[in-house]
Every structure is written in C-alpha cells, then in structure tokens.
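What follows is a short report on a single structure.
What follows is calculated from the coordinates using simple rules that are stated; it is not laboratory data. None of these values were measured; they are calculated from a predicted model. Methodologically, a virtual Cβ is constructed for each residue, glycine included, from the backbone with ideal geometry; neighbour enumeration extends over all protein chains shown.
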Amino acid sequence: MDIQQVTPLKRRIQSRPRVSSAQLLRRITSIEVIAPVIVGIVLLLTWEILVRITNTPPYLLPGPLLIGQTLIKDWGELLPSLLITLKITIAAFTAAIVLGVLVAILFVQSKWIERSFFPYAVLLQTTPIVAVAPLIILWLKNNTFAALVICAWIVAFFPIVSNTVMGLNSTDHNLLNLFQIYRASRWQTLFYMRLPNAMPYFLSGLRISGGLSLIGAVVAEFVAGTGGTESGLAYQILMAGYNLQIPRMFASLFLIALSGIAIFVLLTVLSNALLKNWHESAVRREN
Amino acid sequence: MTLDPVITLQQVNKIYSNGTIALQNLNLDIQPYSFVSLVGPSGCGKSTVLRLIAGLGRMSSGNIAWSSTHTAHKLAYVFQEAALMPWATVLDNVRLPLKLQKASRSEQLSAASDAIARVGLQGFERCYPRELSGGMKMRVSIARALATKPDILLMDEPFGALDEITRSRLNDDLLNLWNQMNLTVIFVTHNVYEAVYLSDRVVVMASRPGRVTAEIDIDAPYPRDEDYRTSALFNQYCRDVSHRLAEASLELSIVS
C-alpha cells in the first residue's frame with residue numbers, strides 16, 4: 001500500500017498573483033483610505049466655518065485656509081526646516097534600531113545580563129528630555145546636530161529594546177527543543193529561530209519608536225532654543241511665536257503632524273509587507 | 001530472536017524538585033528496527049522517557065546506554081504539536097535539520113524534497129503552515145524528522161490532535177515509512193488501539209510513581225490493514241493491554 005498523495009490545489013496555492021497597478025489603484029481608493037480622508041475634510045471644513053462665524057482673529061486661531069496660504073507663501077523657509085527635523089528624526093531612529101536590536105540580542109544571551117542592565121534601559125525611557133536636552137547640547141557645544149540626535153535617540157531607544165527582547169524570549173518551546181536535539185549552536189538558534197520569531201514584536205516597537213523619534217527631535221530643539229542656519233521646525237515654531245506669526249506657527253505644526261502620520265503609515269506598510277505571509281496581524285483572510 | 005538492544009535504559013530515575021517522582025527504577029530495552037509503543041495514563045512518564053532518550057533534560061540517576069554494535073544512532077523527534085516555523089515555507093521547514101547540520105544547499109533541497117514526497121505532500125513546498133490543515137502540518141513535521149534519514153524516530157503522541165480519519169491514514173503511512181526506511185520507532189500514545197495496531201511491542205506504564213508495569217509482544221504479521229484491526233487477535237491484545245493498564249490504576253486506588 002503506497003503512501004497516499006495529498007492532491008495540491010494548484011490553482012489556489014501555487015500561483016501567487018503579483019499586485020498589479022489596477023489593484024494598487026483600487027487599494028488607494030478603497031474605503032480604508034477614503035474614510036479617514038473624508039473625516040479629515042469634514043473636520044477642516046467645520047474648523048474653517050467656526051472660525052469665520054465667530055470672527056476669531058488669526059492671531060488666536062487661524063482657519064485652515066489661511067494656514068494653507070501661509071504654508072505656500074513661506075514654503076521657502078519651512079521646507080529646509082522640515083528637512084532638518086526629518087534628518088534628525090531619521091538619524092535618531094536608525095541609531096535606536098541598530099543599538100536597540102544589538103542590546104536586545106545581548107540581553108537574551110544571559111538572564112544575568114538582562115537583570116543587571118534592563119533597569120538602566122528603563123531609566124532612559126523615564127528621562128525627561130525637557131530637562132536633559134539643554135545639558136546635552138552644552139556638552140556637545142560644537143555639534144548641535146549630534147546633540148539633538150542623541151536626545152531624540154534617548155526617547156526612541158527603549159520601545160525597540162523592550163519589544164525585541166519580548167519577541168526574542170517568546171519562542172515556541174518545542175522549536176527550542178528541536179534545535180537542541182539537532183545540537184544547534186547559540187548563533188544558529190538566534191538567526192534561524194529567535195530573530196524571525198521576534199519580527200512581529202520588533203515591528204510593533206518600530207511603529208511606536210518612529211513617532212517618538214520625531215517628537216524627541218522637535219522637543220529637544222524646542223527646549224534648546226537653538227538658532228542659526230541648522231534649524232528645524234521647532235525653531236520655526238518658536239520664532240513664529242515670538243513674532244506673533246500664528247498662522248506660520250500652525251503651518252509648522254501641520255508639517256510636523258503630517259510627518260508623524262507619514263512615518264506611521266510607512267512603518268505600517270512595511271510591517272504588513274514583511275508579515276503578510278504568516279502573522280495574524282497582516283494575513284488577508286476571507287473572514 | 002533477541003538481538004542486541006540499540007538503546008538500554010538502566011535503573012533510570014527522575015525526580016522533580018518539588019518531589020514528584022516522574023520515573024522510578026525504569027528499565028527498558030529497545031531492539032533495533034522495532035516499533036515500540038509506550039502506553040499509559042497522563043503523568044506516567046512516557047513523554048519523559050522519550051525526552052531523556054533525546055537528550056532533553058537530565059536523569060536524577062541511572063544510565064542510558066547506546067549499543068556499540070548497532071552504531072545507527074541518528075535521532076529524530078516528532079512532537080505532539082507540529083511545531084513548525086510559521087514564517088517559513090514547507091520546504092524551508094523540512095530542510096531546517098540539514099541547515100543546522102551545515103549540509104550544502106543542493107543536498108538540503110534534494111533531501112527535503114525527497115522527504116516531502118515521502119509523506120505525500122509533493123506540490124506543497126512553497127506553502128506556509130497557516131495554509132495547511134492539521135494533518136498536513138503533522139506530515140510536514142514527520143517529513144522534517146525524516147529529512148536527515150534518521151535511524152531512530154521518537155514520536156510523542158503525534159496524532160493525538162487529529163481526527164479519526166486523518167489519524168488512521170497517517171497510521172498506515174507511518175507503518176509504510178517504518179518499513180521503507182529501516183527505522184527504529186519509539187511511539188508514545190495513550191490510545192491502546194493505536195498502540196496495538198502499529199507496534200510489535202507495547203510497553204505499559206503506570207503513574208505515581210512513573211514505572212513500567214508490563215511489556216507485551218504483539219505477534220501479528222506486517223503489513224497490517226483493516227482486516228487486522230477487526231481480527232480476534234487484535235481484540236485480544238487490546239484486552240491484554242487494557243487489563244494491564246487497569247491493574248495499575250487499581251493498585252493505585254487500593255494503596256491510596
């Protein structure tokens with residue numbers, strides 16, 4: 001008696017269709033994207049109408065139309081600031097990812113290392129940037145950029161370490177036993193099992209950390225009150241505040257909000273792309 | 001005909017730190033190329049025996065000796081859950097043991113494809129575990145165990161979570177594989193019928209403390225099929241095993 005062959009449903013399983021441009025268009029215009037956009041438009045309309053009806057002066061609360069005009073008018077000054085802020089954010093985020101993953105791997109090597117050093121990672125999380133930023137900028141007098149990156153990094157570091165450690169430790173004990181039976185080395189267990197297993201947790205930490213990097217960059221610069229040519233959006237907000245150019249201040253705030261949303265969306269797309277084959281958070285099912 | 005046993009457990013004891021005696025003075029011989037079932041109620045230590053043989057966990061005292069005449073000692077283990085890596089395809093899951101043993105990529109792929117074909121899953125190499133049924137996942141787990149062409153296959157209640165129809169099909173497929181690949185199989189189950197259908201020797205265990213209470217040789221010829229399952233011989237063996245199991249729990253209730 002032969003071993004009974006399971007018949008593969010070739011059409012359903014073997015052909016994985018590539019996403020066509022038509023599908024992409026359909027996805028962009030889908031209800032998941034259209035719905036929040038519609039809500040946004042409604043909110044903006046309400047805001048504009050309220051401002052006009054109550055005749056609120058622009059130095060108290062400018063309407064979205066005025067903010068839009070200011071954005072276009074001052075684009076020549078706001079764009080470089082936006083780019084500086086983004087540069088700091090990306091640098092801090094990258095540093096947080098690299099160091100975060102390395103530290104997480106280190107912590108998982110031994111319970112004693114984790115116990116000894118984890119509290120200090122927590123310390124980083126609870127450090128108020130508002131208090132520490134001026135000090136760091138003072139210490140790194142010659143390199144304000146580096147100082148701001150370090151401040152933003154302090155804020156972004158912990159979620160990555162915490163989530164990645166959780167992921168590296170949450171391995172299926174049967175799989176661990178399997179690796180033991182085949183006498184896998186510590187590094188093989190790390191690369192072939194622990195790291196892939198930790199991916200969903202790591203990506204979850206990324207999404208938190210991305211936004212925090214941006215906030216850290218803006219707050220650090222805000223508190224430091226730096227001037228000069230290398231100035232980000234926080235500087236623009238501060239100056240606009242001093243000069244009572246409130247619409248310009250709101251325009252800067254709007255750019256920060258937009259950046260935050262863009263970072264989050266990008267990271268979510270990345271997360272879904274990496275996990276779409278297997279993790280419940282990203283798998284598409286019929287129901 | 002008694003050959004040299006390939007594995008001998010001598011006076012094996014395992015006591016947990018809270019005082020539970022998982023195994024007490026256990027003695028067991030495993031003959032090469034045999035199909036041995038360990039049957040017993042929950043907590044009798046049958047999974048512990050398997051894990052100790054596989055090198056997972058330590059004995060409190062005793063010895064596990066491996067034959068020097070039969071040097072075929074390559075182990076493979078199949079767990080109760082399929083324990084597949086959900087982020088990897090079927091092919092990548094099956095070639096994992098070979099990757100860990102640093103075989104060349106072409107060797108990995110050919111041995112893995114071979115194993116996948118042996119369990120009847122040809123065509124599913126690029127599927128992910130979430131796309132497979134319970135029975136198929138278990139087949140992948142078995143294919144992974146067979147990828148390194150092991151000599152000794154340890155199976156811990158592998159079909160427990162499956163439905164009757166799938167279980168029955170996998171039982172027959174397992175016997176075919178045992179025959180084709182010259183394996184020694186040690187099979188843990190709580191299902192008496194499964195044990196009597198598959199094995200040539202049934203080891204009955206009891207719990208509290210975990211120990212062997214009986215060893216019954218099943219003298220039915222292979223290949224085994226539905227006729228065997230409904231024969232008088234099969235029923236007799238099932239009765240014997242069940243009696244031995246009941247005796248042990250009766251002892252327990254008298255003592256307590």
> In a shell of Cβ-Cβ distance under 15 Å around B:V6, excluding B:V6 itself, what net charge do Lys and Arg (+1) and Asp and Glu (-1) give?
Replying inline: -2
> Rounded, prolate or oblate: which fits chain A when a ≥ b ≥ c are the square roots of the eigenvalues of the alpha-carbon gyration tensor, with rounded for a/c under 1.5 and prolate only if a/b beats b/c?
Replying inline: oblate
>> Give me the net charge for the shell around B:I21: Cβ to Cβ below 11 angstrom, other residues only, Lys and Arg +1, Asp and Glu -1.
In response: +3
> Across peptide B:80-87, what mean number of C-beta atoms from other chains lies inside 10 Å of a residue's C-beta?
Replying inline: 5
> Highest GNM mean-square fluctuation, chain B, Cα pairs closer than 10 Å: which of B:S106, B:S68, B:S37?
Replying inline: B:S106
>> Can you list residues from other chains, or at least 5 along the same chain, whose modelled amide H is less than 5 Å from the amide H of B:Y77?
In response: B:L154
> When Cβ neighbours within 10 Å are restricted to other protein chains, what is their mean count per residue of peptide A:190-196?
Replying inline: 2
> With each label point set 7 Å from Cα along the Cα-Cβ vector, what nm distance links B:T69 and A:V122?
Replying inline: 6.2 nm
> How much mean residue ellipticity at 222 nm does chain B get from its helices, if each DSSP H run of length 4 or more adds -39500 (n - 2.57) and you divide by all residues, to the nearest 500 deg cm²/dmol?
Replying inline: -11500 deg cm²/dmol
>> Give me a comma-separated list of calculated 3J(HN,Hα) values for the range A:128-140, in order, Karplus coefficients 6.51, -1.76, 1.60 applied at θ = phi - 60°, integers in Hz, x for any Gly or Pro.
In response: x, 4, 3, 7, 8, 4, x, 4, 4, 5, 5, 5, 9
>> Of the candidates B:I186, B:I152, B:I216, which one comes out as most mobile in a Gaussian network treatment of chain B with C-alpha springs shorter than 10 Å?
In response: B:I216
> In square nanometres, what is one fourth of the surface area of the convex hull spanned by the alpha carbons of the range A:147-198?
Replying inline: 4.1 nm²
> Would you list B:D156, B:D217, B:D200 from fewest to most Cβ contacts within 10 Å?
Replying inline: B:D217, B:D200, B:D156
> Are there GluC sites (Glu not before Pro) in the range A:186-287 that DSSP puts in a loop and that have at most 10 other Cβ atoms within 10 Å, and which ones?
Replying inline: A:E280, A:E286
>> Which of rounded, prolate or oblate describes the range B:113-176 when judged by the alpha-carbon gyration tensor and an a/c cut-off of 1.5?
In response: oblate
> Rounded to a whole number of µm²/s, how large is the Stokes-Einstein D of the range A:54-201 at 25 °C and 0.890 mPa s, given Rh as the Kirkwood radius over C-alpha pairs?
Replying inline: 130 µm²/s
> Between B:L183 and residues 5 or more places away or on another chain, which pairs have amide H atoms under 5 Å apart, with H built 1.01 Å from N, and which residues are they?
Replying inline: none
>> In chain B, once you exclude exposed trypsin sites (Lys or Arg not before Pro) (DSSP loop, at most 16 other Cβ within 10 angstrom), what's the longest stretch remaining?
In response: B:127-256
>> Quick check: the angle from helix B:232-255's long axis to the longest principal axis of chain B, C-alpha only, nearest 10 degrees?
In response: 60 degrees
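Would you kindly give the portion of the calculated P(r) for the range B:133-256 that falls above 24 Å, as a percent of all Cα pairs?
More than 24 Å apart: 33 percent of the Cα pairs in the range B:133-256.
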> With the contact rule set at Cα under 8 Å and sequence spacing of 6 or more, what percent relative contact order holds for the range B:7-255?
Replying inline: 27 percent
> When DSSP assigns beta bridges and you keep just the ones with both residues in the protein assembly as shown, what percent turn out antiparallel, to the nearest 5?
Replying inline: 50 percent
> Considering chain B as a Gaussian network with a 10 Å cut-off on Cα pairs, which listed residue, B:G43, B:G210, B:G55, attains the greatest mean-square fluctuation?
Replying inline: B:G55
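List the trypsin sites (Lys or Arg not before Pro) in the range A:41-143 that DSSP assigns to loop (not H, G, I, E or B) and whose Cβ has at most 11 other Cβ atoms within 10 Å. Which are they?
On the way: sites: A:R52, A:K73, A:K87, A:K111, A:R115, A:K141; in loops: A:K141.
Sites meeting the loop and neighbour criteria: A:K141.
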> What average number of partner chain Cβ atoms lie no more than 10 Å from the Cβ of the residues making up B:56-64?
Replying inline: 1
> Karplus couplings for the range B:191-201 from phi (6.51 cos²θ - 1.76 cosθ + 1.60, θ = phi - 60°), rounded to Hz, Gly and Pro as x?
Replying inline: 9, 4, 5, 4, 4, 5, 5, 8, 8, 9, 8
> Counting every Cα pair in chain B, what percent are over 25 Å apart?
Replying inline: 46 percent
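With charges set only on the Cβ (+1 for Lys and Arg, -1 for Asp and Glu), what does the dipole of chain A come to about its Cα centre, in debye to the nearest 20?
Here chain A has a charge dipole of around 940 debye.
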> So which trypsin sites (Lys or Arg not before Pro) in the range A:188-281 are both in a DSSP loop and have at most 13 other Cβ atoms within 10 Å of their Cβ?
Replying inline: A:K276
>> My understanding is that a pair violates if its Cα-Cα distance is over 19 Å; which of B:K74/B:K102; A:K111/B:K14; B:K74/B:K137; B:K102/B:K149 do that in this structure?
In response: A:K111/B:K14; B:K74/B:K137
>> If the only charges are +1 at each Lys and Arg Cβ and -1 at each Asp and Glu Cβ, what is the size of the charge dipole of the protein assembly as shown around the Cα centre, to the nearest 20 debye?
In response: 1380 debye
> Long-range amide H contacts for B:M205: which residues qualify at under 5 Å (H placed 1.01 Å from N, peptide plane, sequence gap of 5 or more or a different chain)?
Replying inline: B:V39, B:G40, B:T213
> Is any residue of the range A:107-125 close enough, with backbone N under 16 Å, to a label point placed 7 angstrom from the Cα of A:Q180 along the Cα-Cβ axis, and if so, which?
Replying inline: A:111
> Taking the alpha-carbon centroid of each part, what is the distance from the range A:145-196 to the range B:185-238 in angstrom?
Replying inline: 45 Å
>> At 4 °C and a viscosity of 1.567 mPa s, what translational diffusion coefficient does Stokes-Einstein give for the protein assembly as shown, taking Rh as the Kirkwood radius over Cα pairs? Give it in µm²/s as a whole number.
In response: 46 µm²/s
>> Run the simple label-point estimate for B:S42 and B:N191 please: 7 Å along Cα→C-beta, distance reported in nm.
In response: 1.7 nm
> Could you state the number of Å between the C-alpha centres of the range B:165-184 and the range A:206-257?
Replying inline: 68 Å
> Looking at chain B, what % of its DSSP beta bridges pair antiparallel, to the nearest 5?
Replying inline: 50 percent
> Can you give me the Cα centroid spacing of the range B:8-81 and the range A:84-135 in angstrom?
Replying inline: 46 Å
> Can you give the helix-only mean residue ellipticity at 222 nm for chain A, where every DSSP H stretch with n ≥ 4 adds -39500 (n - 2.57) and the sum goes over all residues, rounded to the nearest 500 deg cm²/dmol?
Replying inline: -25500 deg cm²/dmol
